[in-house]
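One structure below.
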Amino acid sequence: EDQVTQSPEALRLQEGESSSLNCSYTVSGLRGLFWYRQDPGKGPEFLFTLYSAGEEKEKERLKATLTKKESFLHITAPKPEDSATYLCAVQATSTSGSRLTFGEGTQLTVNP
Amino acid sequence: KAGVTQTPRYLIKTRGQQVTLSCSPISGHRSVSWYQQTPGQGLQFLFEYFSETQRNKGNFPGRFSGRQFSNSRSEMNVSTLELGDSALYLCASSGGTASIDPLHFGNGTRLTVT
């Protein structure tokens, strides 16, 4: 069974204080790993797709990396507007269609 | 390009009733997936439809059902509501034909069962 574990559950940072969120996964074969951002009262917003170990993707203050067992979302010099819940999800090669298995998320708060 | 639209945004129902939720995907997207989000369980996959056919199904009881229309719009139905069905129901669409397409989510329908 595919599993995704995210840590920490919650993270509080000061503006400008860089940090990383972790996503550990167990899947029979990885087709892709996804990062999403979710704001209160809204649906998840797509950030990145990573396909293979060693891959990195960047968007503004966010950088996602992937190894064979985990992914990291690095947040550099965060701002209060980066406060949100960050979700990690995997899609297995054994899955037909678009089914994703999600972790429970990391709730990030960035204080000014 | 308009995003995924879900209606209604909020619903309050009584135990034993049934409910129908609606989802309009991004124009051109043929795959629609449904997820249930609760504080304790996170996002749980319900089912996926592609070209009016159910392509994938999660581990939910038969009270949960869905369908997709020829214009790719989708509905999900929950019959005989239970208190534990209170959740945020999210719909997501994707192109559905490439080997890996990111899902694009709507803002959900918040269902409260009393």
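Suppose we filter the stretch B:68-78 for residues that are away from chain A (no Cβ under 14 Å) and small (Gly, Ala, Ser); how many remain?
1
Going through the stretch A:28-63 one residue at a time, which ones are of a type outside the set (Asp, Glu), out of contact with any Ser or Thr (no Cβ under 9 Å at 6 or more places or on another chain) and open to solvent by 60 Å² or more (accessible area, probe 1.4 Å)?
Answer for the stretch A:28-63, where residues must be of a type outside the set (Asp, Glu), out of contact with any Ser or Thr (no Cβ under 9 Å at 6 or more places or on another chain) and open to solvent by 60 Å² or more (accessible area, probe 1.4 Å): A:42, A:51, A:52, A:59.
Residue by residue through the stretch B:19-43, note down the ones that are assigned to a strand (DSSP E or B) and within 12 Å of chain A (Cβ to nearest Cβ).
B:23, B:31, B:32, B:33, B:34, B:35, B:36, B:37, B:38, B:42, B:43, listed by residue number.
Condition check ((1) more than 13 Å from every other protein chain (Cβ to nearest Cβ); (2) within 21 Å of residue A:36 (Cβ to Cβ)) across all residues:
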site: B:45; (1), (2): no, yes
site: B:53; (1), (2): no, no
site: B:66; (1), (2): yes, no
site: B:80; (1), (2): yes, no
site: B:92; (1), (2): no, yes
site: B:112; (1), (2): yes, no
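Okay, residues lined up against (1) within 16 Å of residue B:103 (Cβ to Cβ); (2) among the β-branched types (Val, Ile, Thr); (3) under 14 Å from the mean Cα position of the chain (by Cα):
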residue: B:8; (1), (2), (3): no, no, yes
residue: B:15; (1), (2), (3): no, no, no
residue: B:21; (1), (2), (3): no, no, yes
residue: B:37; (1), (2), (3): yes, no, yes
residue: B:46; (1), (2), (3): yes, no, yes
residue: B:49; (1), (2), (3): yes, no, yes
residue: B:58; (1), (2), (3): yes, no, yes
residue: B:61; (1), (2), (3): no, no, no
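Which members of the stretch A:10-39 meet the condition of being over 11 Å from the mean Cα position of the chain (by Cα) and within 11 Å of another protein chain (Cβ to nearest Cβ)?
Within the stretch A:10-39, A:30, A:31, A:32, A:39 meet the criteria.
Those residues that are assigned to a loop (DSSP other than H, G, I, E, B), under 15 Å from residue B:25 (Cα atoms) and touching a residue at least 40 places away in the same chain (Cβ under 8 Å), I need them from the stretch B:70-96; list them, please.
Correct list: B:72, B:73, B:95, B:96.
Give the residues of the stretch A:76-92 that are surrounded by 13 or more Cβ atoms within 10 Å (Cβ to Cβ), of a type outside the set (Phe, Trp, Tyr), closer than 23 Å to residue B:37 by Cβ and away from every other protein chain (no Cβ under 12 Å), sorted by residue number.
Matches in the stretch A:76-92: A:82, A:83, A:84.
Name every residue in the stretch B:36-57 that is within 23 Å of residue A:42 (Cα to Cα), free of Cβ contacts under 8 Å to residues at least 60 places away in the same chain and surrounded by 14 or more Cβ atoms within 10 Å (Cβ to Cβ), in order of residue number.
Hits for the stretch B:36-57 are B:36, B:42, B:43, B:44, B:45, B:46, B:47, B:48, B:49.
Inside the stretch A:29-76, counting only strands (runs of 3 or more DSSP E) that do not spill past its ends, which hold 1 or more residues that are more than 15 Å from residue A:89 (Cβ to Cβ) and in contact with a strand residue (DSSP E or B) (Cβ under 9 Å, 6 or more places away or on another chain)?
A:56-59, A:62-66, A:70-75
The values are calculated or read from the model by the stated rules, or taken from the named source; none is laboratory data. In this text the structure is predicted, and so the values were computed from the model without any measurement. Neighbour counts run over all protein chains shown; Cβ positions are idealised from the backbone, glycine included. Note: accessible area is taken over every heavy atom of the protein model, side chains too, but ligands, DNA and RNA are not part of it. Shrake-Rupley method; radii C 1.70, N 1.55, O 1.52, S 1.80 Å.
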